[in-house]
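Asks: Let me give you the structure first, and then I'll get to my questions.
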Amino acid sequence: MWEQAELTPEALLDCHLTPVTFPFFQDIQVMLVVGLGLLLTFLPRYGFSAFTHNFLLLNFSLQWALVLQGLLHHFHHGQIHLDLHKLLISEFAAVTVLISVGAILGRASPCQLLVMATCEIPIYLASEWVIVTCLGVLDVGGTITIHVFSCYFGLGVSKALFRTTQQPLHPKETPTPSSDLMSLVGTLILWVFWPSFVAVLCQPGDAQHRAILNTLLAMSAGAITTVVASSLLERDGKLSPGHLQNGSLASGVAIGVVADMAMPPVAALALGSLSAVACVLGFRFLSPLLRRKLTLHDQCGIHNLHGLPGILGAAASVVAVLVASKDTSGPQPSQLSPAGGNASEVVEGQRGVAGQALCQAAGLAVAVGASLLAGLLTGAALRLPCLARPPERLCFDDSQYFKIQDEAESPEPDNSTEEGALALKEQV
């Protein structure tokens, strides 16, 4: 049976969630529904589908993750326990699906996307449990558990779904100025609300304050660096909309794993700039190389936005842990350990600095390995004929799923009266 958690002061203290958390939750909802939905509208004739599929998958994945968590709790305690913490974990599980589908956006049917979400959610929950609970990895912003996992899961699905077939550039794949503008609006919404996504599970107080400040510093540096890097990479010095849409957010991905650590501001600024450069260089050089050499299809460039900055952030967490000390001026992590205590105590006491640094690297390896293997198996399952993969001529086209009236087919205002009279005469 379902049981709603009783929000007593003791329960709130145990799970470190207070009523103040709900505004953070609302910010995350805006990010996923509006920001991410608009970000995916860069395909000019696939905007309705991208927005709607994003909304559908968010709700389906959220409910599926809640059911799985409830069944696990029921297995151990005989009842299903529902609280805000489980809702947030389910929201993060849904994020992995929304990121992963970016690799095959426009070339997969809704049935395939739902099956993909059904397979990915339990694997994510298991992976997150191994990384956070078993290995004790410090990752308050989900850099390793969410971004790295979802990226390589999506790439694994893409590789298995399309196999070694070289996907030619589709005529409907090229963005237009209006579609790029809509996508850029989505980027700005994500940029504004990203600190809430990183800080929502931090300990209230200093840790949450540090997470917000470090995230804002990193993303501000990343935005400036993206403009500079994009301008330098183009021969005429003009900016690429794709670079702006993704590079401005890459710093938010990288900073998540170290956001609540007490670090100097220059460290957050440097990490934000490096992640933005990695993202822009990935779009400029790495994506064409992977597509040409490995026939790897990555429609939204999730490897550049989530994979490369995620790996960079994981490496930064190893360095931050190695230089950690008992001095309060050092980069001490202060997010919650799986046991519920302060994670800095785990770093300095039970495992030691070297042991925790090794766990950070092991967590990255588990996320990459588990997601790639699971993605390849899921992609193979999506090739089943019953899942109705769209034909090539209908890819990236809303008309397959929506009633779309082209402007060329719409009647002219001046001829509306005459056409109406002719239609009435024909009926008579």
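Asks: Might you let me know whether the stretch 145-155 holds any residue that is surrounded by fewer than 24 Cβ atoms within 10 Å (Cβ to Cβ) and closer than 26 Å to residue 363 by Cα?
Replies: No, there is no match, as no residue in the stretch 145-155 is surrounded by fewer than 24 Cβ atoms within 10 Å (Cβ to Cβ) and closer than 26 Å to residue 363 by Cα.
Asks: In the stretch 129-184, how many are among the charged types (D, E, K, R) and closer than 21 Å to residue 319 by Cβ?
Replies: Residues in the stretch 129-184 being among the charged types (D, E, K, R) and closer than 21 Å to residue 319 by Cβ: 1 in total.
Asks: In addition: Considering 123, 144, 80, which residue is of a type in the set (A, V, I, L, M, F, W, C) and touching a strand residue (DSSP E or B) at 6+ places or on another chain (Cβ under 8 Å)?
Replies: On the way: 123 fails: touching a strand residue (DSSP E or B) at 6+ places or on another chain (Cβ under 8 Å); 144 fails: touching a strand residue (DSSP E or B) at 6+ places or on another chain (Cβ under 8 Å).
Residue meeting the stated conditions: 80.
Asks: So which residues in the stretch 115-124 are among the aliphatic types (A, V, I, L, M) and buried (at least 19 other Cβ atoms within 10 Å of the Cβ)? Give the steps one after another, and end with the answer.
Replies: Initial filter on the stretch 115-124 (among the aliphatic types (A, V, I, L, M)): 115-117, 121, 123.
Within the stretch 115-124, 116, 117, 121, 123 qualify.
Asks: To continue, here is another question. Output the residues belonging to the stretch 231-262 that are among the aliphatic types (A, V, I, L, M), outside any helix (DSSP H, G or I) and surrounded by 24 or more Cβ atoms within 10 Å (Cβ to Cβ).
Replies: 257, 258, 259, 261
Asks: Let me ask something else. For residue 95, only one of the following conditions fails: (1) surrounded by fewer than 17 Cβ atoms within 10 Å (Cβ to Cβ); (2) among the aliphatic types (A, V, I, L, M); (3) in contact (Cβ under 8 Å) with a residue 60 or more places away in the chain. What is its number?
Replies: Result: residue 95 fails condition (1) only.
Here's the yes/no breakdown for (1) more than 21 Å from the chain's Cα centre (by Cα); (2) aliphatic (A, V, I, L, M):
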{"position": "158", "(1), (2)": "no, no"}
{"position": "174", "(1), (2)": "yes, no"}
{"position": "198", "(1), (2)": "no, yes"}
{"position": "201", "(1), (2)": "no, yes"}
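Quick grid of which residues meet (1) assigned to a helix (DSSP H, G or I); (2) more than 24 Å from residue 180 (Cβ to Cβ); (3) among the aromatic types (Phe, Trp, Tyr):
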| residue | (1), (2), (3) |
| --- | --- |
| 31 | yes, no, no |
| 35 | yes, no, no |
| 39 | yes, no, no |
| 44 | no, no, no |
| 53 | yes, no, no |
| 61 | yes, yes, no |
| 68 | yes, yes, no |
| 73 | yes, yes, no |
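Asks: I've got another one for you. Failed condition for residue 85, given (1) under 18 Å from residue 302 (Cα atoms); (2) in contact (Cβ under 8 Å) with a residue 60 or more places away in the chain, with all others met?
Replies: Answer for residue 85: the failing condition is (1).
Asks: Could you please find all residues in the stretch 263-288 being in contact with an Asp or Glu (Cβ under 8 Å, 6 or more places away or on another chain) and part of a loop (DSSP other than H, G, I, E, B)?
Replies: The answer is none; no residue qualifies.
Read-outs: derived from the displayed coordinates by stated rules, not from any lab. Model, not experiment: these values are computed from the prediction. Every residue, glycine among them, receives a Cβ derived from its backbone with ideal geometry; neighbour counts consider all protein chains shown.
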